[in-house]
Amino acid sequence: MSATQEFSDEKKSSIEGEEIKVDDASLVFQQLVDDEADHDIKPTFVAGALFWITSLTMWKYMMLHPNVLDICDLGAQLFGGSRAAYEFTGFMLLANNILLIGFHVFTGARIFNTLTDGRNCTIIYSVVVTILGILFSLPRSLKHVSLMSVVSAACMGISILLFCIFAGIEDHPLKGYGGKWPLAGDVVYTTAFPAPGVTWVDCLNAVLNITFLWVPQILFPTFIAEMERPQDFPKALAGLAAMSFVLFIFVPVIGYHYLGQYAEAPSFGSLETVYKKAGFAFVMVPTIVIGVIYCNVSAKYIYGRIMKGSRHQHSNTTIGWGVWIAVVTGIWGIAFIFGSVIPSMGDFLSLLGAAFDSFFGFIFWSLAYWHLYRNEFWKTPTRSVNTVVHIFVMVVGLFLLGPGLYAACEAIIADYAGGTRPAFSCATNAI
């Protein structure tokens, strides 16, 4: 038995001993949908196209290696069954997912503060979000999580629709980074180029935030492994890509058209107070559910390592459930700490995009392409074009890992050098 097969046995994740049938399209879609941010269209098109191409490469690779059950198995397989590669990929999986869950703890507290005008301590709101996350993370199969994702996607859709309507009907924006209306001008205008004073670090951080939106592949291997028909993944991917292009392009364009220089991130912060609260309230549901999805994938990885080879791994035993609850609680507890000590979650999303998405969104899939078609890179004109694209994918991944990581660290240093919200502060973080 190969090292990778041993890792796969270690990661069997149908914990309840059943064949899990996942509502694949809604589940994959939901973990992408998050707070809308204003950004340039060109990087969005490029990132979306690369997401489509690399996701198909990942699926083709998994279809040839059915023993791959998650991103850690895949990382080990790409490097010849290396145990070191498996452990390093596992570290990146946990670090990426737990930091993202921390971001959702932070966002949940921000929603509560916005809706209540900061009447209570922010830490109290963070604790409430953490407890809700633990409770909704208790189901051990993605079948149950996918049901939550349907409701979550509907709530996010309502929120986005309300934002577009409110941005269009209000007399003027409430405020922006330059101050309240009309301090930055009484005429809303848009620009094709960065404003004066915008640095290279600012621009690259914006690109990293866009990249973060388009890199969900860290979860895809787990989803594909639990699909009833993995052959249908391209259909779910097509639906996801189409909806994502609409969300990540048309919604920001509409918002920027009406908000212009007053546009904030999230854009709800630029709306009149009543509109802001009405639309932002619906974001609470996807904020919790997206965190639950990342927790489920992370908990399965840890649970499989702890319970490997025991009768509790695939059975509904008291010990099995006790370990599962402890793992879920631990993940959300660590995420709560991250969400309470980080001064700017936007900059830390850039850090995630540079340190981890460079691998999970680009480098891994260039290597997968190399394994799939080595010695046949230039066999046909179509294959030649695809080869050039995957060389470009590798270059992008290395760029994000190098200059991108530098820019993310510089932004975090700048945050700490200026005035920042203290760790575990009661101060409001409302938009």
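The values are calculated or read from the model by the stated rules, or taken from the named source; none is laboratory data. As the structure is a prediction and not an experimental result, all values here were calculated from the model. Glycine also receives a Cβ, built like all others from the backbone with ideal geometry; neighbour counts cover every protein chain displayed. Keep in mind that these areas ignore ligands, DNA and RNA; they rest on the heavy atoms of the full protein, side chains included. Shrake-Rupley method; radii C 1.70, N 1.55, O 1.52, S 1.80 Å.
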Express the relative contact order of the chain as a whole percentage, based on alpha carbon pairs under 8 Å and six or more residues apart in sequence.
33
For segment 356-431, with +1 on Lys and Arg beta carbons and -1 on Asp and Glu, the positive-most of L367, V385, C426 along the dipole
V385
Structure-based [θ]222 nm, the chain - -39500 (n - 2.57) summed over DSSP H runs of at least 4, per residue, nearest 500
-21000 deg cm²/dmol
Where no second cysteine Cβ lies under 4.7 Å, the cysteines concerned in the chain
C72, C155, C164, C203, C295, C409
Over segment 135-269, what is the mean sequence separation of C-alpha contacts under 8 Å (at least six apart), divided by residue count, expressed as relative contact order in percent?
46
In debye to the nearest 20, the charge dipole size for segment 221-314, taken about the Cα centre with +1 at each Lys and Arg Cβ and -1 at each Asp and Glu Cβ, equals 460
Karplus (6.51, -1.76, 1.60) ³J(HN,Hα), θ = phi - 60°, over segment 119-130, in Hz, Gly and Pro reported as x
5, 10, 5, 4, 4, 4, 5, 5, 5, 4, 4, 4
My understanding is that a pair violates if its Cα-Cα distance is over 21 Å; which of K235/K379; K42/K379; K60/K143; K42/K277; K60/K235 do that in this structure?
K235/K379; K42/K379; K60/K143; K42/K277
For segment 35-124, dividing by residue count, accessible area per residue (probe 1.4 Å) in Å² works out to 36
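For V198 and L64, what is the calculated FRET efficiency with R₀ set at 56 Å and r taken between the beta-carbons, to the nearest 0.05? Intermediate results must be reported in sequence, preceding the final value.
Values: r = 45 Å, r/R0 = 0.80.
For V198 and L64, the calculated efficiency is 0.80.
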Mean separation of Cα contacts under 8 Å (at least 6 apart) over the residue count of segment 265-355, i.e. the relative contact order in percent, is 20
Mind listing the long-range amide H neighbours of G176? Cut-off is under 5 Å, sequence gap 5 or more, other chains count too, H placed in the peptide plane at 1.01 Å from N.
W181
Roughly how many percent of the accessible protein surface of the chain is carbon and sulfur, given a 1.4 Å probe and a whole-percent answer?
68
Tell me, what ³J(HN,Hα) does each residue in segment 272-277 have, in order and in whole Hz, if you take phi through Karplus 6.51 cos²θ - 1.76 cosθ + 1.60 with θ = phi - 60° and put x for Gly and Pro?
4, 3, 5, 5, 4, 5
What accessible area per residue comes out for segment 128-267, rounded to a whole number of Å², with a 1.4 Å probe?
45
Dipole axis of segment 126-234 (+1 Lys, Arg; -1 Asp, Glu on Cβ), positive-most option in P173, V151, A184
V151
Evaluate the charge dipole of segment 316-431 about its Cα centre and quote only its size in Debye, nearest 20, assuming +1 on the Cβ of each Lys and Arg and -1 on the Cβ of each Asp and Glu.
340
For segment 307-366, what is the accessible area per residue in Å² when the probe is 1.4 Å?
34
Scalar couplings 3J(HN,Hα) for segment 43-51 by Karplus 6.51 cos²θ - 1.76 cosθ + 1.60 (θ = phi - 60°), nearest whole Hz, x for Gly and Pro, are x, 5, 4, 5, 4, x, 5, 5, 4
For segment 281-412, what does the alpha-carbon gyration tensor say about shape, rounded, prolate or oblate, given a ≥ b ≥ c as the root eigenvalues, a/c under 1.5 as rounded, and a/b over b/c as prolate?
oblate
Ranked highest first by average number of other Cβ atoms within 10 Å, how do 74-81, 275-282, 261-268, 398-405 line up?
261-268, 74-81, 275-282, 398-405
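Where does each of 409-416, 299-306 land if you order them by average Cβ count within 10 Å, highest first? Walk me through the intermediate numbers first.
On the way: 409-416: 15.9, 299-306: 20.2.
Those peptides, ordered most packed to least, come out 299-306, 409-416.
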